[in-house]
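Working notes, beginning with the structure itself.
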Amino acid sequence: MDHLVYLDNSATTKISDSVLQAMMPWLTENYGNPSSLYSIGQESRAAVEEARARVAAALGAKPREIYFTGCGTESDNWAVKGAARRLAARGKKHIITSAFEHHAILHTCQSLEKEGFEVTYLPVSSEGYVDPADVEKAIRPDTAIVSIMYANNEIGTIQPIAEIGRICREKKVWFHTDAVQAVGNVRINVEEQNIDMLSLSGHKIHAPKGVGVLYIRQGVFIDNFMDGGAQETRHRAGTENLASIVGLGQAIEDAYTNFDEKVARMTALRDKLIDGLLQIPHTRLNGGREHRLCTNVNISFEGIEGEGILLWLDLNGIAASSGSACTSGSLDPSHVLLAIGLDHGTAHGSLRLSLGKYNTEEDVDYALQVIPTVIERLRAMSPVWQQMMLEEQKN
Ligand SMILES: *Cc1c(COP(=O)(O)O)cnc(C)c1O
């Protein structure tokens, strides 16, 4: 393929040049172990601490509240399991989350249910938002932790995080948010937004795969997830992924440089895509438009299957996703689309296009040229669509 239009930035992103440049020395000459006392070890230590300071600055946190992990999934596991296991000792065995979290949270909660925890999965509105009043009503004396994602990875809806955080603080319940999709696209301040714990991941913001962060507010104590050496102030064992940590520090700083300009550009591209695709008959936008990531487009096309759309787009050099990348390959429709009330058929015919900083207006124009043709061709071959058209004619 000589031409690739990459519209799957919510699945992963390309490593940026500045990140790769920042990482190179730590993959080559500067290989010292940050825990070693000789100078190349101490240079590595300084690089890790510099990256920690950059992450802290981006979140409005203190450097000592930032812990490097192996990925966003590990951060989510650590936050929820660590808090649950710590508070179980005080008789708190209830967890609150939402029905449309990433599987890193949902499967963590299911695993805790097997250990005897009780989990409330809050519903979301048809527009894809958690109602803070529902969080308030669900909190009980034995609630250990509330975990609500900052922005949904499939439909891009941004949750009322500060308000949910305020309620949790009032009720003295710890509040964790999976901000993997929000970081770099939304301004985050853990102090102002009442966040106790926050997960993020490197590869969603142009750093490498295999590095993440868990922010843990000072004064919040959770059980360790990884046991071993004394790294990360004895809270996350394992020799630091030095180069990737440096890359993550660079990536998060880049993400908030010229931020407003980037958001404005992404929003314009997103809206052009949404408006263009909604011209196709029998389509709907999934997720509300107002509080929505500037990078997310999610559209259902009635009468056809998402997998078919993806294959045809791939043949035309467009990389996209139907539902989330982690669930494609399974035949179940997306739990996120079911949570906002779509029926199975409509959920199956959905397409997620996620923009990134390397996308151009030409990419969007190309997608708007290819997608309507693909949809038309697939519908022409679809018995479901033909049946729909027959019914429509009868009415
Ligand atoms: C990608 C993603 C994760 C998982 O992050 P990894 O670093 O791939 O483990 C968790 N939550 C959300 C919302 C995501 O989009």
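Here, each number is a calculation from the coordinates, and none is a lab measurement. Fair warning: this is a prediction, and the values are worked out from it, not measured in the lab. Virtual Cβ from ideal backbone geometry, glycine too; neighbours counted across all protein chains shown.
Observations on the structure shown:
- So Glu65, is it buried (at least 19 other Cβ atoms within 10 Å of the Cβ) and of a type in the set (D, E, K, R): yes
- Residues in the range 84-100 that are touching a Ser or Thr at 6+ places or on another chain (Cβ under 7 Å) and either free of Cβ contacts under 8 Å to residues at least 24 places away in the same chain or within 16 Å of the ligand (Cβ to nearest atom) (or both): Thr97 only.
- Among the residues of the range 123-159, those identified as more than 11 Å from the ligand (Cβ to nearest atom), assigned to a loop (DSSP other than H, G, I, E, B) and among the hydrophobic types (A, V, I, L, M, F, W, C) are Val124, Val130, Ile139, Ile148, Ile155.
- The number of residues in the range 7-23 that are over 12 Å from Gly202 (Cβ atoms) and within 16 Å of the ligand (Cβ to nearest atom) comes to 6.
- Selection status of Arg236, part of a helix (DSSP H, G or I) and touching a strand residue (DSSP E or B) at 6+ places or on another chain (Cβ under 7 Å): no
- Number of the condition not met by Val119 [criteria: (1) in a strand (DSSP E or B); (2) touching a Phe, Trp or Tyr at 6+ places or on another chain (Cβ under 8 Å)]: (2)
- A count restricted to the range 208-221 and to residues that are away from the ligand (no atom under 16 Å from the Cβ) and surrounded by 24 or more Cβ atoms within 10 Å (Cβ to Cβ) stands at 1.
- The residue pairs whose first member lies in the range 114-132 and is within 16 Å of Val146 (Cα to Cα), whose second member is among the basic types (Lys, Arg) and in a loop (DSSP other than H, G, I, E, B), and whose beta carbons are closer than 9 Å, counting only pairs six or more residues apart or on different chains, are Phe117/Lys93; Glu118/Lys93; Thr120/Arg140.
- Among residues that are within 20 Å of Phe221 (Cβ to Cβ), more than 16 Å from the ligand (Cβ to nearest atom), more than 19 Å from the chain's Cα centre (by Cα) and among the acidic types (Asp, Glu), Glu115 is included.
- Restricting attention to the range 183-207, the residues that are surrounded by fewer than 24 Cβ atoms within 10 Å (Cβ to Cβ) and within 10 Å of the ligand (Cβ to nearest atom) add up to 1.
- Annotation for the range 225-235: at least one member residue is closer than 22 Å to Ile105 by Cβ, away from the ligand (no atom under 15 Å from the Cβ) and surrounded by fewer than 23 Cβ atoms within 10 Å (Cβ to Cβ).
- Where strands (runs of 3 or more DSSP E) fall entirely within the range 278-395, those with at least 2 residues that are within 30 Å of Tyr256 (Cα to Cα) are at 296-301, 350-354.
- Condition check for Ala133: crowded, with 18+ Cβ neighbours inside 10 Å and either of a type outside the set (S, T, N, Q) or over 21 Å from the mean Cα position of the chain (by Cα) (or both): no
- Selected residue (only one of Leu269, Leu273 is out of contact with any strand residue (DSSP E or B) (no Cβ under 7 Å at 6 or more places or on another chain) and either surrounded by fewer than 21 Cβ atoms within 10 Å (Cβ to Cβ) or part of a helix (DSSP H, G or I) (or both)): Leu269
- Of the numbered criteria (1) touching a residue at least 24 places away in the same chain (Cβ under 8 Å); (2) of a type outside the set (Gly, Ala, Ser); (3) closer than 27 Å to Asn241 by Cβ, the one Asp227 fails is (1).
- Among the residues making up the range 160-181, a single one is surrounded by fewer than 24 Cβ atoms within 10 Å (Cβ to Cβ) and within 17 Å of the chain's Cα centre (by Cα): Pro160.
- Breaking point among (1) within 24 Å of Gln42 (Cβ to Cβ); (2) away from the ligand (no atom under 15 Å from the Cβ); (3) part of a helix (DSSP H, G or I), for Lys262: (1)
- Scan of the range 286-296 for residues that are farther than 20 Å from Gly184 by Cβ and buried (at least 17 other Cβ atoms within 10 Å of the Cβ), ordered by number: Asn286, Gly288
- Hits in the range 6-52 - residues which are surrounded by fewer than 17 Cβ atoms within 10 Å (Cβ to Cβ), without any contact (Cβ under 8 Å) to a residue 40 or more places away in the chain and small (Gly, Ala, Ser): Ser36, Ser39, Gly41, Ala46
- Of the residues making up the range 64-73, not a single one is touching a Pro at 6+ places or on another chain (Cβ under 8 Å), in a helix (DSSP H, G or I) and farther than 21 Å from Glu191 by Cα.
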